[in-house]
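Here's the structure we're looking at; comments come further down.
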Amino acid sequence: MDSSEPSVCVCIPTYNEAGTIGEVISRIEGLEGLRKVIVVVDDNSGDGTSDIVRRLMGEYGNIRLIERGGKLGLGSALIEGFEEALSLKPVPGYIVSMDGDLSHDPYEIPGLVRSCDRGALTIGSRYVKGGEVQGWTLWRRAVSGGANLLARYLGGLPVRDCTSGFRCYSSDLVKDLIGSVTREGFDFQIDALMNAVRMGYQVREHPISFRDREAGESKLGLGEYLNFLILVFSRLRF
């Protein structure tokens with residue numbers, strides 16, 4: 001393995017992703033030009049997701065599995081994954097967060113990494129030129145668009161896709177975010193972005209093609225959307 005290649009830890013929170021997690025990991029393992037570690041944080045999936053990951057751990061030598069006792073929230077899963085990434089020796093230069101349901105295409109990871117300069121956060125964006133969403137209803141598009149408008153204009157956030165979970169963080173930024181981000185659910189994405197901007201980190205967007213999940217269960221419920229609204233109206237005014 002070429003030590004000059006960028007080192008990346010890919011963090012994948014999972015909940016009932018047995019139908020897709022094997023393909024996600026296979027695609028990541030097939031990426032060239034990167035030194036890769038994969039951290040899967042599973043929230044007690046009942047469909048055998050963690051069993052599939054353990055089998056793949058025996059096939060590849062670069063996968064770590066964190067098993068949690070219940071569905072504890074997207075944000076807390078990412079924080080645990082990030083802490084695991086920072087414990088690696090050496091610490092990877094970049095940490096990528098993504099879903100395990102193939103809505104985020106692993107083949108787009110190299111583009112995110114290239115776009116992520118030292119000290120920066122690159123967001124895989126559905127709403128910049130070249131980005132797209134496949135398979136959503138008009139209602140889902142309206143909800144997502146409205147959420148991003150609220151975050152962007154009320155919070156003064158300098159990106160078009162504030163809610164995307166497909167991201168590449170520099171490890172320096174992750175070190176600064178650990179402890180400063182308190183949100184445990186979907187609103188973690190906004191909280192992390194808000195803190196990165198406040199700390200003066202450069203944020204970029206890289207176009208991605210987002211495809212609606214074909215298997216597994218959505219991590220977003222009514223409570224997640226309500227928490228997002230509370231965060232927007234209570235904390236995003238600088």
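Just to be sure before I move on: is Leu31 hydrophobic (A, V, I, L, M, F, W, C) and in contact with a strand residue (DSSP E or B) (Cβ under 9 Å, 6 or more places away or on another chain) in the structure I sent?
Yes.
Any idea how many residues of segment 76-97 are in contact with a Ser or Thr (Cβ under 9 Å, 6 or more places away or on another chain), small (Gly, Ala, Ser) and either more than 30 Å from Ser125 (Cβ to Cβ) or surrounded by fewer than 21 Cβ atoms within 10 Å (Cβ to Cβ) (or both)?
Qualifying residue count for the region: 1.
For segment 67-75, check the following and say yes or no: at least one residue is at pLDDT below 95 and in a helix (DSSP H, G or I).
yes
Using the structure shown, decide if Pro92 is in a loop (DSSP other than H, G, I, E, B), touching a residue at least 60 places away in the same chain (Cβ under 8 Å) and more than 20 Å from Phe186 (Cα to Cα).
So Pro92 passes the test.
The values are calculated or read from the model by the stated rules, or taken from the named source; none is laboratory data. Given the structure is predicted, the values throughout are model-derived calculations rather than measurements. We place every Cβ from the backbone using ideal geometry, glycine too, and count neighbours over all the protein chains shown.
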